[in-house]
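Please treat every number below as a calculation from the coordinates, not as lab data. Computed from a predicted structure; not experimentally measured. Heads up, the Cβs are rebuilt from the backbone with ideal geometry, glycines too, and the neighbour counts pull from every protein chain shown.
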Amino acid sequence: MISVLRPEEARKIAAGEVIDRPASLVRELLDNAIDAGGKNIELFIEDGGSRRIEVMDDGCGMDKADLELCYYAHATSKIASLDDLNRAETLGFRGEALSAAAAVSKLDILSSVDGREAWRLEAGPAGRPARLEQARRVKGTSVRCIGLFDAVPARKRFLKRPSSEAALCYAAFIDKALCFPEIGFRFTQDGASKTISPSVSSFKERFERLVVEKDETRFLHEIKTSGAGFSVSIVIGGSEISRTDRRRQFLFANGRRIQDYSLQQALEYGVQGAFPNGAHPVGAIFIKIEPHLADFNIHPAKREARFVDADAIHHAITTALHDFSRHLRFSTTAPSSRHEREFDSFVRSHWEQREKIETSSAATRHLAMAALLENRLQFAERPRRGSKAEPADIRDERIRFAGKIFDLFIIIEKGERLFFIDQHAAHERVLYEKFLSEPIAKQELLVNITFNTDAAEDDAFLEDKRSELERLGVVVSGEDGSWRIDALPVNWRMGDAETVQAILDLRVAGENMAERWLATLACHAAVKDGDYLDENACIALAEAAFALSDPHCPHGRPIWFETSKEALLKAVKR
């Protein structure tokens, strides 16, 4: 039953600007339809949503008394006080959406609780008296908003092109459809049916229908994990359908799409090493968490959330993905040569032993990992002809260059400890620290890079972050879908298409945009796997790596693996 919150309660949860464009109204109306228990939900938009937005459902409906109150500010059936927020499991709870819609459009609601008696409410725009009358309808509710922002011309002028606004509406529709596979959804744009997605039994099936191409569905997998007070379902695609950007990655919590850089990165950290360089997995994370362990009342659109123990969720996701990708890699690889078969056999044994090692004492772990490393070295490739460097005068007796393996790892002796340093990860971190401490030098382009955006969100990002991007060495100009890159950081190495994508991908980084960009700069400027370094360069890089305060690359990978003379002696039983 709908009631109006007391003013002192309403003030504490008021969101401010609830409807700033058609897509935000679409999201609010779909939330209400889902909360009403609808099993079939239809969305209709015209002219990008500015002319008409309508959502129809077959949920519980509203009676006459509820309709009389539903369009008042902070009228809600979801909560009665702030204490209820700790127990609320509905998508909406503030009671602001319908009142905001009535203030900026003509609101027409038709609803029935039993399919026999129905009522129609007409309200708005602001200042226009509401009208309530009897009508006919099957069980459920239809909410129609006509002439969005007609009563607020200043707001309407800031809307993007109808096609851009329609794309945002469709994105909001996809977000809700992905979260609730048990509900059937239909989307109609300007009279043409665009998407029909009947109810299915899993997140994976819904993801197959709405996100990937038909021939890519066989490479999708769904895994589950859980922790104290939460459970997680993960849909992940194999490397066969990887992308060069992260636009096919989604993060949801309790039915809401949220922005959380750390948890978003968990999707990639968990499958690290299973994808080619520069490739990103396709996938979605669906978190179900007990209401008292999360706070969604920190953003008008509930796009952000605070978790009591975000680290536990991150660990559960990365661990589940790591274990799954390891199993997938082993189950799909068919080594062809004897050498590859031997190595595959070693890797299987390695992971079986490692699972035991990780639950052992520190001393046992140290010894056992050294033994695994010793076995691993027998598979090192022979040095390339002509790649051996001339001996150098080692001035620092504490560091001795012991060689390189796999054209990637630098081997360093330091006292009785032995270090295997990843040359790319080490150089990446050294450059990242340098970029953090110095201004980013930029150079003007002789030939500017021009590009067009498809989403209004990209336009808004480029407009809002123009000055911040310039501090990062990127100068962009343009507006409303047509843009130009005039300058980039010195020694930038990406192609035009990759450059545009790297800049647009910063939108999902939020407050971590600068760190994300500097990590990208460092990654692309650092030496790569297989790049030749002579002995002096190896020693210089090792010394710089040992001087770092954090021995991890900007993406979180460790820079080196360490063992000792004692551990190696024990490994060979000496």
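Numbers for the structure displayed
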read-out	value
Along principal axes, Cα extents of the stretch 182-250, largest first, whole Å	46, 31, 20
Backbone HN-Hα couplings from phi across the stretch 519-534 [Karplus 6.51/-1.76/1.60, Hz, Gly and Pro as x]	5, 5, 4, 5, 4, 7, 8, 6, 4, 9, 4, x, 5, 7, 10, 7
Derived scalar couplings ³J(HN,Hα) [the stretch 464-470; Karplus, 6.51 cos²θ - 1.76 cosθ + 1.60; whole Hz; x for Gly, Pro]	6, 9, 4, 5, 5, 5, 5
Two-site FRET efficiency, ALA310 against ARG247, from Cβ-Cβ distance with R₀ of 25 Å, rounded to 0.05	0.55
Residues with amide H under 5 Å from that of ALA487, placed H, sequence gap 5 or more	LEU445, VAL475
Coordinate range along principal axes, alpha carbons of the stretch 382-574, Å, largest first	71, 33, 29
For the stretch 305-317, Karplus couplings with θ = phi - 60° (6.51, -1.76, 1.60), whole Hz, Gly/Pro x	8, 10, 10, 4, 9, 5, 4, 5, 5, 4, 5, 4, 5
Sorted largest first, extent of the stretch 215-330 alpha carbons per principal axis (Å)	40, 27, 23
Ranked by how many other beta carbons lie within 10 Å on average, peptides 261-271, 311-321 from highest	261-271, 311-321
